[in-house]
Amino acid sequence: MSTQIEEVPFDESGHLHDPKGEARVYLKTLIALLILTAITVAAAGIHFENGAINIVIALTIASIKATLVVLFFMHIRHDRPINGLIAAAGFLFLGIFLMFSFIDVTSRDPLQPVNLKAPVTNAPAPVTTLDSSGNAVPATPAPAPAP
Amino acid sequence: MEQQFDTVKIGMWLFLATEVLLFGGLFVGFGLMQQRYPREFVEAHEYLQRSLGALNTTVLLFSSWTMVMGVLAAKTNNKKRLVFFLILTIICAFIFLGVKYFEYSHKYEEGLLPGHFYSHKGDSIPGSHGYATFFSFYFMMTGLHGIHILVGIGLLAWIAIRANRGEFSEAYYTPVDLVGLYWHLVDLIWIYLFPLYYLIS
């Protein structure tokens, strides 16, 4: 227990042990975040053959940055575990939401009627208009006026 | 007192988790539409200026640092530093919104607007709904994030006024801490918005 208290920057009465040390940690975090931003902008300029690599790199760096912010700026590293648990649960459920949505969309066959016999042609659907009583009638081109 | 502080913090974290899920729904929608209109989305990305996005990212990251330094100042009973860092954070928020205003007005002039307001000419797939969909998501997500920045400015100003009255000390700085958490979450959301909108191409 005693070793654990040394890691926490507060003592029992809530005083900070080492405010200057804390400030140094925050500055290092900021520098790391800015360097990661520079890296992600530079990586976006490289065109990989597979465009998915760019997305993976960008989102991985974003997640590292988000972790740094949560751990150091939002004090999760010294906080009660329950707060970290709530934060992790939020991201976990977002992850489930994302994952299942994408599994659904990417594994779905193109929608076609099951009793389809002939291939669907791209012929335009017949254009209909409504007459004065509300019934659909095929639109006929207006007869050319006689010269 | 300590127990109260813990309870308040749990409540704040629960609120932040709902915020993550609020934006999460929009992120999922954006991802699904990107699957549906891949070519249009890549083309629409090109209309966003990467340098402005990077500038705003830097400004917000810096403001997160000034915020955490403010919380540290409150913990160490340094009223002057607390007010100084809070004002610095507010200035950063206004710089962010200024850049955003410049970007929005540029989009407005080019007709790069959401839904049926979209009137941009010269797209490579004329008539596709993909472009308007992209800008619907762009304005919805950055707009909702911008509203969060505005709310944050209000909260920071309120905290700065109270700090100036000397209401906070190492014994009581809960509002400073909670507004700090909120401000970092706004930063966190931008950390994901920036690569998704400005970098992926």
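In this structure, is A:Val120 modelled with pLDDT under 90, at the interface with chain B (Cβ under 8 Å from one of its Cβ atoms) and farther than 23 Å from B:Ala17 by Cα? Let's see the steps before the verdict.
Details: modelled with pLDDT under 90: yes; at the interface with chain B (Cβ under 8 Å from one of its Cβ atoms): no; farther than 23 Å from B:Ala17 by Cα: yes.
Judged against the criteria, A:Val120 is not a match.
Evaluating B:Lys80 against the criteria (1) over 30 Å from A:Arg80 (Cβ atoms); (2) among the basic types (Lys, Arg); (3) within 7 Å of chain A (Cβ to nearest Cβ) leaves one unmet condition, (3). Of all the criteria given as (1) surrounded by fewer than 20 Cβ atoms within 10 Å (Cβ to Cβ); (2) more than 17 Å from the chain's Cα centre (by Cα); (3) part of a helix (DSSP H, G or I), the one not satisfied by B:Asn77 is (3).
Summed over segment A:18-44, residues that are more than 23 Å from B:Val59 (Cβ to Cβ) and loosely packed, with under 13 Cβ neighbours inside 10 Å total 3.
All of B:Phe168, B:Phe137 fail the test of being under 19 Å from the mean Cα position of the chain (by Cα) and either loosely packed, with under 13 Cβ neighbours inside 10 Å or not hydroxyl-bearing (Ser, Thr, Tyr) (or both), apart from B:Phe137.
All of (1) more than 11 Å from every other protein chain (Cβ to nearest Cβ); (2) out of contact with any helix residue (DSSP H, G or I) (no Cβ under 6 Å at 6 or more places or on another chain) hold for B:Leu48 with one exception: (2). Of all residues in segment B:86-103, those that are within 18 Å of B:Ala54 (Cβ to Cβ) have Cβ atoms under 6 Å from Cβ atoms of residues that are of a type in the set (S, T, N, Q), 6 or more apart or on another chain, in B:Cys92/B:Ser63; B:Phe96/B:Asn56; B:Val99/B:Asn56.
From the residues in segment A:56-65 that are surrounded by fewer than 19 Cβ atoms within 10 Å (Cβ to Cβ) and at the interface with chain B (Cβ under 9 Å from one of its Cβ atoms), which one is nearest to B:Arg50 (Cα to Cα)?
Kept after step one, since they are surrounded by fewer than 19 Cβ atoms within 10 Å (Cβ to Cβ), are these residues of segment A:56-65: A:56, A:59-60, A:63-64.
Keeping just the survivors that are at the interface with chain B (Cβ under 9 Å from one of its Cβ atoms) gives A:59, A:63.
Working: A:Leu59: 16, A:Ser63: 19 Å.
That would be A:Leu59.
Checked against (1) within 14 Å of another protein chain (Cβ to nearest Cβ); (2) modelled with pLDDT under 95, B:Tyr131 passes all but a single condition, namely (1). Within segment B:1-17, if we keep just the residues that are more than 8 Å from every other protein chain (Cβ to nearest Cβ) and surrounded by fewer than 18 Cβ atoms within 10 Å (Cβ to Cβ), the residue that is nearest to B:His106 (Cα to Cα) turns out to be B:Phe15.
Pull up segment A:35-73, narrow it to residues that are farther than 15 Å from B:Leu185 by Cα and touching a Leu at 6+ places or on another chain (Cβ under 6 Å), then point me to the one that is modelled with the lowest pLDDT.
Applying the first criterion (farther than 15 Å from B:Leu185 by Cα) to segment A:35-73 yields A:35-61.
Retained after the next criterion (residues that are touching a Leu at 6+ places or on another chain (Cβ under 6 Å)): A:44, A:58, A:61.
Working: A:Ala44: 87, A:Ala58: 91, A:Ile61: 95.
Ranking the qualifying residues of segment A:35-73, first place goes to A:Ala44.
Could you pull out the residue among B:Leu178, B:Leu144, B:Leu150 that is within 14 Å of chain A (Cβ to nearest Cβ) and either surrounded by fewer than 16 Cβ atoms within 10 Å (Cβ to Cβ) or touching a residue at least 40 places away in the same chain (Cβ under 8 Å) (or both)? Spell out how you get there, then give the answer.
Numbers: B:Leu144 fails: within 14 Å of chain A (Cβ to nearest Cβ); B:Leu150 fails: within 14 Å of chain A (Cβ to nearest Cβ).
Checking each option against the conditions leaves just B:Leu178.
Here is the figure for segment A:50-93: residues that are more than 30 Å from B:Ile10 (Cα to Cα) and outside any helix (DSSP H, G or I) total 1.
Looking across segment A:91-110, the residues that are under 30 Å from B:Thr174 (Cα atoms) and either facing chain B (nearest Cβ under 8 Å) or modelled with pLDDT under 90 (or both) come down to A:Phe91, A:Phe93, A:Leu94.
Checked against (1) more than 20 Å from B:Val83 (Cα to Cα); (2) over 9 Å from the mean Cα position of the chain (by Cα); (3) at pLDDT 95 or above; (4) not β-branched (Val, Ile, Thr), B:Leu185 passes all but condition (2).
Taking the conditions exactly as written (out of contact with any Gly (no Cβ under 6 Å at 6 or more places or on another chain), assigned to a loop (DSSP other than H, G, I, E, B) and surrounded by 15 or more Cβ atoms within 10 Å (Cβ to Cβ)), does A:His47 satisfy them or not? No.
Name the single residue, out of those in segment A:74-90 being more than 7 Å from chain B (Cβ to nearest Cβ) and of a type in the set (Gly, Ala, Ser), that is farthest from the chain's Cα centre (by Cα). Outline the logic, then answer.
Narrowing segment A:74-90 to residues more than 7 Å from chain B (Cβ to nearest Cβ): A:75-79, A:81, A:84-85, A:88.
Filter again for of a type in the set (Gly, Ala, Ser), leaving A:84, A:88.
Working: A:Gly84: 21, A:Ala88: 16 Å.
Filtering segment A:74-90 for residues that are more than 7 Å from chain B (Cβ to nearest Cβ) and of a type in the set (Gly, Ala, Ser), the one farthest from the chain's Cα centre (by Cα) comes out as A:Gly84.
The values are calculated or read from the model by the stated rules, or taken from the named source; none is laboratory data. Small disclaimer: the values here were computed from a predicted structure and weren't measured. Positions of Cβ are backbone-derived with ideal geometry, glycine not excepted, and every protein chain shown enters the neighbour counts.
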